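J.: I am attaching a structure below and will ask some questions about it afterwards.
The values are calculated or read from the model by the stated rules, or taken from the named source; none is laboratory data. The shown structure was predicted, so the numbers you read here are calculated from the model rather than taken from an experiment. Please note: Cβ atoms are built from the backbone with ideal geometry, for glycine as well, and neighbour counts cover all protein chains shown. Side chains included, ligands, DNA and RNA excluded: accessible areas come from the protein's heavy atoms. Shrake-Rupley method; radii C 1.70, N 1.55, O 1.52, S 1.80 Å.
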Amino acid sequence: MLSAVDKPPSDPIYTDLNRWRLKSEDGRQVWHYLSEEESKRKPQTLADKYWLGLPLDVPTLPTPKTPLDVARNGLTFYQRLQVEDGHFAGAYGGPHFLTPGYVIAMYISGEPIPDHMRVEMIRFLIGCARKDDGGWGIHIEGNTTVFGTALNYVTCRLLGLDRDHPTMIRARAALHKYGGAAAIPSWGKFWLSVLNVYEWEGMNPVPPELWLLPYSLPVHPGRWWIHTRMVYLPMGFIYAQRLKAEENDLIRELREELYTQPYDTINWAQQRNNIAEVDVYYPHTTLLNVANFFLNIYEKFASKRLRQWAVDESWEQLKMEDENTFYGNLASVNKVMNLLCTFFKEGRHSKAFKLHVDHCLDYLWMSESGMYFNGTDGSQLWDTVWICQALCLTDLAKEKPYQDMVKRAYEFIDSQQIRIDPQNRERCYRDATKGAWPFSRRNQGYTLTDCTAEAIKGIYMLHQLDYIKPTISNDRIEEATDVLLRMQNSDGGFSTYEPTRGPKFLEWINPAEVFGDIMVEYSYPECTTAVLLGLASFKKHNPDYRAEEIEDAIDKGIAFLKRIQRPDGGWYGCWAICFTYATWFGLEALKSVGENYANSEHARRACDYLASKQMADGGWGESYKSCELQTYIHHTSSQVVNTAWACLALMAGDYPNVEVIRNGIRLIAKRQKPDGRWEQEGIEGVFNKNAMIAYPNYKFSFTVWA
Ligand code: LAN
């Protein structure tokens with residue numbers, strides 16, 4: 001193993017950044033490390049260089065005189081980041097529990113991680129260990145947790161870092177300070193158990209038998225939020241069989257390093273509910289504790305035949321998920337868990353396992369600070385649709401220099417509509433997807449309400465441009481509209497991937513400790529607004545197609561949004577940070593039905609709320625703590641992305657005190673660099689209340705739009 005890595009991150013042991021290339025084909029984005037020769041033959045694109053943090057040889061732009069000049073300069077810079085298949089690529093990191101899943105799964109299956117990737121993951125992990133105490137949080141900006149520290153400690157060791165490396169020494173101290181790995185939350189208990197450095201007995205049961213229950217029961221996994229369903233599926237498959245890695249020297253060493261007492265003396269049953277205080281976001285409820293009590297008894301007496309049946313059913317479900325996503329899978333967590341199940345069931349040399357290994361590359365992102373596992377296989381469609389809307393609404397799409405970019409982006413959107421339904425759709429509890437747009441790329445295959453709606457909106461805007469040949473037919477947009485109309489919840493709102501299927505009380509058995517609101521789909525203000533605007537724009541162009549139903553859906557949606565507006569005027573954002581984001585959506589929805597500051601109490605409250613959060617420098621800045629605490633918390637400094645959302649929101653609401661908006665725009669202009677770019681500031685996105693995720697393209701799309 002590499003001993004030279006116990007040197008600082010700048011050490012030449014790491015790869016040559018000049019040799020990395022991002023290849024993107026039909027939405028699939030993969031970083032390649034070229035040989036020196038190949039590298040000479042194929043120069044890096046500006047997009048490669050940008051994401052690798054390398055110097056760009058780009059001109060200083062004329063000093064902007066108007067806000068539109070600022071937008072133009074921003075676009076002139078951003079334009080260069082469009083990749084070969086027409087989309088806008090980008091990093092999608094942030095959570096600290098994804099790379100460990102990949103590394104642990106590869107280690108257990110004996111599948112080597114190529115050296116150029118392995119050392120770059122080491123660079124990344126060393127670089128983001130916390131400066132204060134040497135641990136890792138649940139995400140890159142969070143304080144140290146046992147979840148982050150134990151998993152990333154193990155990851156570094158599996159990647160080849162020595163136990164006496166300074167980073168390991170500090171991390172171990174931080175880990176032990178919080179009680180050692182015995183106090184890791186349940187998802188961590190899973191990863192450590194399958195690696196054989198924790199005992200299965202120390203984990204509350206994950207019974208796959210749930211899949212055998214009748215669907216009519218509310219606890220059936222088919223009714224859960226799709227991500228929770230798809231994570232507990234492989235977890236149950238592995239747990240039920242207590243599968244684990246073979247013991248070896250490294251595993252024995254880890255057992256020594258991770259705990260505050262000798263491994264053999266740990267009372268495992270007592271660790272099931274031992275979760276470090278710094279980790280807990282959503283504590284176990286009494287109902288969950290009672291359920292676990294009975295499940296633990298069940299584990300002792302479980303019938304072998306029933307268990308086998310449940311394991312077989314899980315495998316069937318797993319395979320359908322793999323095949324319906326062409327082995328790309330829903331997202332980062334089930335990607336690597338399914339890989340591991342496939343290893344245990346079919347072995348390292350099976351075709352399916354090889355496909356899994358290959359598609360992990362879609363998630364691996366290379367950056368100046370090293371390599372890490374993204375939250376999804378990218379945000380291709382989402383980011384491309386946003387910049388298209390910004391281009392159209394600013395009329396910059398009409399200007400010659402941007403036309404080629406717009407054309408290519410349109411072709412990309414065209415190519416990424418999902419044109420088929422999942423196979424064995426009902427058998428695997430999936431809804432129809434034909435006509436929908438996904439978040440990343442077509443072959444991932446999952447409908448998203450807001451991605452579909454934003455795509456519809458964007459496409460109609462693009463169709464207004466005389467140089468765009470409208471290759472997306474009306475029939476196809478009608479299909480997308482059909483998808484949306486099927487997805488409204490009974491409360492009038494819209495959720496993410498599916499309409500809500502299960503009761504809210506399922507949240508009482510949310511076992512994950514570190515996430516809030518994960519058990520079922522909820523109606524979200526962002527998704528609801530997106531769909532309403534998508535439907536409204538559809539109706540404008542197709543006034544006769546399902547007109548009444550659309551109007552009805554819009555009425556119900558608006559009523560929902562008004563109902564969930566907070567008394568102080570804001571909306572809580574579930575998918576980005578935080579109130580500035582969702583309140584922008586809220587005000588856009590009101591605007592679409594003619595409500596603004598002058599004529600609507602809702603719009604007035606929302607505008608006054610946002611205006612009251614403006615900072616002294618004219619900008620807005622929201623801390624990720626807003627999401628955790630569900631109340632507005634100022635960032636230490638203003639942020640261009642929050643500022644852009646707040647300005648867009650106030651403009652949508654026709655806020656009369658224009659000076660407030662002007663000051664925000666001035667701040668965005670002031671932060672722009674002479675070459676047109678904006679620098680990266682704080683993390684932008686969130687999921688499940690407690691996990692932050694990066695949307696680095698937002699600093700371009702929303703600033704330009706504002
Ligand atoms: C995403 C990314 C995109 C995001 C938007 C489209 C922006 C949003 O408007 C709807 C929700 C959605 C699709 C979303 C849901 C949860 C995701 C998939 C993520 C935040 C990216 C990563 C996250 C996923 C759950 C990470 C894996 C972790 C688990 C808890 C399973």
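J.: From the list Glu201, Glu209, Glu257, Glu247, which one is away from the ligand (no atom under 16 Å from the Cβ), acidic (Asp, Glu) and closer than 18 Å to Lys319 by Cα?
T.: Values: Glu201 fails: closer than 18 Å to Lys319 by Cα; Glu257 fails: closer than 18 Å to Lys319 by Cα; Glu247 fails: closer than 18 Å to Lys319 by Cα.
Only one candidate passes the filter, namely Glu209.
J.: Looking only at the range 685-699, count how many residues are farther than 26 Å from Gln82 by Cβ and either part of a loop (DSSP other than H, G, I, E, B) or not aromatic (Phe, Trp, Tyr) (or both).
T.: Step one: of the range 685-699, the residues farther than 26 Å from Gln82 by Cβ are 686-692.
Next cut, either part of a loop (DSSP other than H, G, I, E, B) or not aromatic (Phe, Trp, Tyr) (or both) only: 686, 688-692.
So the count comes out to 6.
J.: Exactly one condition in (1) under 23 Å from the mean Cα position of the chain (by Cα); (2) open to solvent by less than 20 Å² (accessible area, probe 1.4 Å) is not met by Ser314; state its number.
T.: Going through the list (1) under 23 Å from the mean Cα position of the chain (by Cα); (2) open to solvent by less than 20 Å² (accessible area, probe 1.4 Å), Ser314 breaks only (1).
J.: Ala646 is checked against (1) in contact (Cβ under 8 Å) with a residue 60 or more places away in the chain; (2) away from the ligand (no atom under 16 Å from the Cβ); (3) not in a helix (DSSP H, G or I); (4) not acidic (Asp, Glu) and fails just one. What number does that condition carry?
T.: (3)
J.: Tell me whether the range 349-365 contains one or more residues that are touching a Phe, Trp or Tyr at 6+ places or on another chain (Cβ under 7 Å) and within 14 Å of the ligand (Cβ to nearest atom).
T.: Yes, that holds for at least one residue.
J.: Can you spot a residue in the range 538-553 that is closer than 30 Å to Tyr215 by Cα, assigned to a loop (DSSP other than H, G, I, E, B) and open to solvent by less than 40 Å² (accessible area, probe 1.4 Å)?
T.: no
J.: Let me confirm something: among Gly570, Gly492, Gly557, Gly534, which residue is small (Gly, Ala, Ser) and either under 25 Å from Tyr429 (Cα atoms) or at pLDDT below 95 (or both)?
T.: Values: Gly570 fails: either under 25 Å from Tyr429 (Cα atoms) or at pLDDT below 95 (or both); Gly557 fails: either under 25 Å from Tyr429 (Cα atoms) or at pLDDT below 95 (or both); Gly534 fails: either under 25 Å from Tyr429 (Cα atoms) or at pLDDT below 95 (or both).
From the options Gly570, Gly492, Gly557, Gly534, the qualifying one is Gly492.
Each row is one residue, and each column tells you yes or no for (1) in a loop (DSSP other than H, G, I, E, B); (2) within 16 Å of the ligand (Cβ to nearest atom); (3) at pLDDT 95 or above.
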residue	(1), (2), (3)
Ile665	no, no, yes
Pro674	yes, no, yes
Gln680	yes, no, yes
Ile683	yes, yes, yes
Ser701	no, yes, yes
Val704	no, no, yes
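J.: Report yes if Gly127 is within 16 Å of the ligand (Cβ to nearest atom), small (Gly, Ala, Ser) and within 25 Å of the chain's Cα centre (by Cα), otherwise no.
T.: Numbers: within 16 Å of the ligand (Cβ to nearest atom): no; small (Gly, Ala, Ser): yes; within 25 Å of the chain's Cα centre (by Cα): yes.
Here the answer is no, as Gly127 does not meet what is asked.
J.: How many of the residues making up the range 363-389 are out of contact with any His (no Cβ under 9 Å at 6 or more places or on another chain) and part of a helix (DSSP H, G or I)?
T.: The qualifying residues number 7.
J.: Would you mind stating whether Glu120 is open to solvent by 10 Å² or more (accessible area, probe 1.4 Å), acidic (Asp, Glu) and touching a residue at least 12 places away in the same chain (Cβ under 8 Å)?
T.: Working: open to solvent by 10 Å² or more (accessible area, probe 1.4 Å): no; acidic (Asp, Glu): yes; touching a residue at least 12 places away in the same chain (Cβ under 8 Å): yes.
Here the answer is no, as Glu120 does not meet what is asked.
J.: Okay, next question. Look through the range 293-336, keep the residues that are away from the ligand (no atom under 16 Å from the Cβ) and of a type in the set (Lys, Arg), and return whichever of them is farthest from Pro207 (Cα to Cα).
T.: This residue is Lys319.
J.: Being touching a residue at least 24 places away in the same chain (Cβ under 8 Å), in a helix (DSSP H, G or I) and either out of contact with any helix residue (DSSP H, G or I) (no Cβ under 8 Å at 6 or more places or on another chain) or among the polar types (S, T, N, Q) (or both) is the filter here; which residues of the range 274-303 pass it?
T.: Asn292, Leu295, Asn296, Tyr298, Glu299
J.: Which ones in the range 672-694 are open to solvent by less than 30 Å² (accessible area, probe 1.4 Å) and of a type in the set (Asp, Glu)? Let's see the steps before the verdict.
T.: Taking the range 672-694 first, the residues open to solvent by less than 30 Å² (accessible area, probe 1.4 Å) are 672, 675-676, 678, 682-686, 688-694.
The answer is Asp675, Glu684.
J.: Then there is this: Quick one: which residue in Cys360, Cys392 is farther than 30 Å from Leu17 by Cβ and either assigned to a helix (DSSP H, G or I) or of a type in the set (A, V, I, L, M, F, W, C) (or both)? If you could, list the steps in order and put the result at the bottom.
T.: Values: Cys360 fails: farther than 30 Å from Leu17 by Cβ.
Testing whether each residue is farther than 30 Å from Leu17 by Cβ and either assigned to a helix (DSSP H, G or I) or of a type in the set (A, V, I, L, M, F, W, C) (or both) leaves just Cys392.
J.: Within the range 502-518, work out how many residues are within 13 Å of the ligand (Cβ to nearest atom) and not β-branched (Val, Ile, Thr).
T.: Adding up the residues that qualify gives 7.
J.: Filter the range 567-594 down to the residues that are more than 16 Å from the ligand (Cβ to nearest atom) and closer than 18 Å to His634 by Cα, then identify the one that is most open to solvent (accessible area, probe 1.4 Å). Talk me through it step by step, then tell me what you get.
T.: The first filter runs over the range 567-594 and keeps only residues more than 16 Å from the ligand (Cβ to nearest atom), leaving 567-570, 587, 590-594.
Still in the running and closer than 18 Å to His634 by Cα: 568-570.
Details: Asp568: 84, Gly569: 0, Gly570: 0 Å².
Per the stated criteria, the residue is Asp568.
J.: May I pose another question? Here are the criteria: (1) under 15 Å from Ser369 (Cα atoms); (2) not in a loop (DSSP other than H, G, I, E, B). Tell me which single one Lys40 does not satisfy.
T.: Against the list (1) under 15 Å from Ser369 (Cα atoms); (2) not in a loop (DSSP other than H, G, I, E, B), Lys40 comes up short only on (1).
J.: Among the residues of the range 446-495, write down those that are charged (D, E, K, R), out of contact with any Ser or Thr (no Cβ under 9 Å at 6 or more places or on another chain) and more than 16 Å from the ligand (Cβ to nearest atom).
T.: Asp466, Lys469, Asp475, Arg476, Glu478, Glu479, Asp482, Arg486
J.: Which residues, taken from the range 212-227, are within 16 Å of the ligand (Cβ to nearest atom) and either within 22 Å of Arg305 (Cβ to Cβ) or in contact with a helix residue (DSSP H, G or I) (Cβ under 8 Å, 6 or more places away or on another chain) (or both)?
T.: The initial filter retains those residues of the range 212-227 that are within 16 Å of the ligand (Cβ to nearest atom), namely 221, 224-227.
Selection gives Pro221, Trp224, His227.
J.: Any residue at all in the range 452-472 that is of a type in the set (Phe, Trp, Tyr), part of a helix (DSSP H, G or I) and open to solvent by 10 Å² or more (accessible area, probe 1.4 Å)?
T.: Step one: of the range 452-472, the residues of a type in the set (Phe, Trp, Tyr) are 460, 467.
Checking the rest, the ones that are also part of a helix (DSSP H, G or I) come to 460.
If we keep only those that are open to solvent by 10 Å² or more (accessible area, probe 1.4 Å) too, we end up with 460.
Scanning the range 452-472 turns up at least one residue that is of a type in the set (Phe, Trp, Tyr), part of a helix (DSSP H, G or I) and open to solvent by 10 Å² or more (accessible area, probe 1.4 Å).
J.: In this structure, is Ala171 closer than 30 Å to Leu52 by Cα and either open to solvent by 10 Å² or more (accessible area, probe 1.4 Å) or not in a loop (DSSP other than H, G, I, E, B) (or both)?
T.: yes
J.: Within the set of pairs 6+ apart or on separate chains, which have a first residue in the range 523-534 that is more than 11 Å from Asn489 (Cα to Cα), a second that is more than 11 Å from the ligand (Cβ to nearest atom) and of a type in the set (Lys, Arg), and C-beta atoms under 6 Å apart?
T.: Cβ pairs passing all conditions: Leu533/Lys457; Gly534/Lys457.
J.: Let me ask something else. Please count how many residues of the range 519-537 are outside any helix (DSSP H, G or I) and either surrounded by fewer than 21 Cβ atoms within 10 Å (Cβ to Cβ) or within 13 Å of the ligand (Cβ to nearest atom) (or both).
T.: Narrowing the range 519-537 to residues outside any helix (DSSP H, G or I): 519-524.
Filter once more, keeping what is either surrounded by fewer than 21 Cβ atoms within 10 Å (Cβ to Cβ) or within 13 Å of the ligand (Cβ to nearest atom) (or both): 519, 521-524.
Qualifying residue count for the region: 5.
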